[in-house]
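Have a look at the structure below before the remarks.
The values are calculated or read from the model by the stated rules, or taken from the named source; none is laboratory data. The model shown is predicted, which means the values in this text are computed figures rather than measured ones. Cβ atoms come from the backbone with ideal geometry, glycine included; neighbour counts cover every protein chain shown.
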Number of protein chains: 2
Amino acid sequence: MKNYKMVLAYDGTRYNGWQKQGNTENTIQEKLERILQEISGAETEVFGSGRTDAGTHATGQVMNFRINWNGTAEQLLDAFNAKLPEDIAAVSIAEMPPRFHSRLSAKAKHYSYSIWIGKHSPVFERKYTFRCTETLDVQAMRQAAAAFIGTHDFKSFCANKRMKKSTVRTIYDIVFEETEDKLTLHFYGNGFLYQMVRILTGTLIEVGEGKKNAGEAERILLAKSREQAGFTAPSRGLFLREVFYEDWKGGSEA
Amino acid sequence: MKNYKMVLAYDGTRYNGWQKQGNTENTIQEKLERILQEISGAETEVFGSGRTDAGTHATGQVMNFRINWNGTAEQLLDAFNAKLPEDIAAVSIAEMPPRFHSRLSAKAKHYSYSIWIGKHSPVFERKYTFRCTETLDVQAMRQAAAAFIGTHDFKSFCANKRMKKSTVRTIYDIVFEETEDKLTLHFYGNGFLYQMVRILTGTLIEVGEGKKNAGEAERILLAKSREQAGFTAPSRGLFLREVFYEDWKGGSEA
């Protein structure tokens, strides 16, 4: 049995998220497992580095799986791409040591969230950005974002109300990328709670719109209450960009 | 009556092209005229700078129309954008002299055609590029393209077999833009025949794939026969980028 790590890109628009669960149909995991079974002949589980919600995209999702394979890794990659629908791509592959696990071995992740701030509809990016028609005070958003950087209890930013495990996470950095039409927030952290990036983004948008003050960010963290944070920004603006398997030394896309 | 010029961007994927004709439903022109009637209360024709085929996109289509309007041009633009579906946007507007006509006054146009040459599926650009899985000899394509620049009879590159008017056109330049994953051909000319950009692109792709020699370009032009040219590249890679209303002095996007 070989253990393969595969990097995936997908447009999440028409899927019910990454994870197969109960009678949820049309998940990305399910699609990949079906293809893997066609290729290898054996029923094989794939392990994602984390779930992505329905409608969320990835340019750097990572999964691993164990199969008997006599060809080269490159041949396996090609076999996947030949069978994948055009909204999912297998970007790269590597054979890993037996103990490698895409989720458990992950040290850090990079998510991005794109907010469309252009004057008219994001015609060609309408499925990949959330449109904000109000003018955003980006300086106030940066100030609020600074309060989130570091190790904090992010309970206020977790959509799972019955979360029993620790809600403490470390955000290494939040980088603002601005063009005339688009504001993209890059989140780098050691892990993210359920919908945490979308709730952080929604909160920052409310700060940008003047509905919340930048100074409130710290109070919201300390409140440890989902009700204190902002809205959950829609999934279509969210991308899983990269999963890091080495200790954090500052980020750049692979 | 005021005469307005409006620049439009649209994702042509779900439309039957620009021009309303006979019983063709779901054209972009039809959609715009319906909105204009809602705004102005009067049935009004819009004039496009040219038709775009079903599935072809635009970032700089230009139309004009004459209406009675007491508000500012900016208010008219906003009224359009408030009613447009999210795959069409009104980018800019200007009041023009009475004789301005988007098609008849046009001096030059810029079209682009994007060919996906990346190793895996163009996940996020699959509706905006044509994927080529064979390796392209871009040097040979450049050589063939050079033969098309200038004033020629482009009858071999016209899909309309019953074309009675002149098929002589001038191509000012064909610019190659290359990234790791994408080859975009930019065509600048004083006018283009029906499907001319797509047939030129299909011919250049066949040269790139080695199915035709670069040296054949001139022979194909002189043959004045559609059968001699290459295939018609699919509409989804084609964008109308800009329409110029002044004499050609070398191009850049507005």
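Descriptive notes on the structure:
- Test: B:Thr151 is surrounded by fewer than 17 Cβ atoms within 10 Å (Cβ to Cβ), farther than 24 Å from B:His57 by Cα and either in the same structural domain as B:Pro234 (by TED's automatic domain parsing) or touching a Lys or Arg at 6+ places or on another chain (Cβ under 6 Å) (or both): yes
- Those residues of region B:187-216 which are surrounded by fewer than 21 Cβ atoms within 10 Å (Cβ to Cβ) and more than 13 Å from the chain's Cα centre (by Cα), in sequence order: B:Gly202, B:Glu206, B:Glu209, B:Gly210, B:Lys211, B:Asn213, B:Ala214, B:Gly215, B:Glu216
- Hey, A:Ala90 within 14 Å of chain B (Cβ to nearest Cβ) and aliphatic (A, V, I, L, M) or not: yes
- Within region B:50-69, residues that are more than 22 Å from B:Thr129 (Cα to Cα) and not assigned by TED's automatic domain parsing to the domain that holds B:Leu238 reach partners that are crowded, with 18+ Cβ neighbours inside 10 Å and basic (Lys, Arg) with beta carbons closer than 6 Å, at six or more positions or on different chains, in the pairs B:Asn64/B:Lys5.
- The set of residues from region A:51-82 being away from chain B (no Cβ under 11 Å), assigned to a helix (DSSP H, G or I) and surrounded by fewer than 17 Cβ atoms within 10 Å (Cβ to Cβ) comprises A:Ala73, A:Gln75.
- Just one of the listed residues (B:Ser121, B:Ser166) is hydroxyl-bearing (Ser, Thr, Tyr) and under 24 Å from B:Ser225 (Cβ atoms), and it is B:Ser166.
- Among the residues making up region B:238-254, those that are surrounded by 21 or more Cβ atoms within 10 Å (Cβ to Cβ) and either under 17 Å from B:Phe157 (Cα atoms) or of a type in the set (Asp, Glu) (or both) are B:Leu238, B:Glu242.
- Test: residue in region A:120-128 that is touching a residue at least 40 places away in the same chain (Cβ under 8 Å) and more than 10 Å from chain B (Cβ to nearest Cβ): no
- Within region A:5-51, the set of residues being more than 14 Å from the chain's Cα centre (by Cα) and among the acidic types (Asp, Glu) comprises A:Glu25, A:Glu30, A:Glu33, A:Glu38, A:Glu43, A:Glu45.
- From A:Met63, A:Met96, residue being at pLDDT 95 or above, under 30 Å from B:Lys127 (Cα atoms), in contact with a Lys or Arg (Cβ under 8 Å, 6 or more places away or on another chain) and not polar (S, T, N, Q): A:Met63
- Count - residues of region A:33-52 that are in contact with a Phe, Trp or Tyr (Cβ under 8 Å, 6 or more places away or on another chain) and not β-branched (Val, Ile, Thr): 7
- Within region B:84-127, the set of residues being crowded, with 16+ Cβ neighbours inside 10 Å and charged (D, E, K, R) comprises B:Asp87, B:Lys109, B:Glu125, B:Arg126, B:Lys127.
- Filtered residue count, region A:82-124, keeping only those that are among the β-branched types (Val, Ile, Thr) and more than 29 Å from A:Ile205 (Cα to Cα): 3
- Residue check for B:Thr13: more than 22 Å from B:Ser105 (Cα to Cα), polar (S, T, N, Q) and touching a Gly at 6+ places or on another chain (Cβ under 9 Å): yes
- Whichever residue in region B:169-185 is more than 24 Å from B:Glu227 (Cα to Cα) and polar (S, T, N, Q) and, among such residues, is nearest to the chain's Cα centre (by Cα): B:Thr184
- Counting the residues of region B:37-48 that are assigned to a helix (DSSP H, G or I) and either under 23 Å from B:Glu242 (Cβ atoms) or among the polar types (S, T, N, Q) (or both) gives 2.
- Residue list for region B:19-36, restricted to those being assigned to a loop (DSSP other than H, G, I, E, B) and either of a type outside the set (Ser, Thr, Tyr) or surrounded by 15 or more Cβ atoms within 10 Å (Cβ to Cβ) (or both): B:Gln19, B:Lys20, B:Gln21, B:Gly22, B:Asn23, B:Glu25, B:Asn26, B:Thr27
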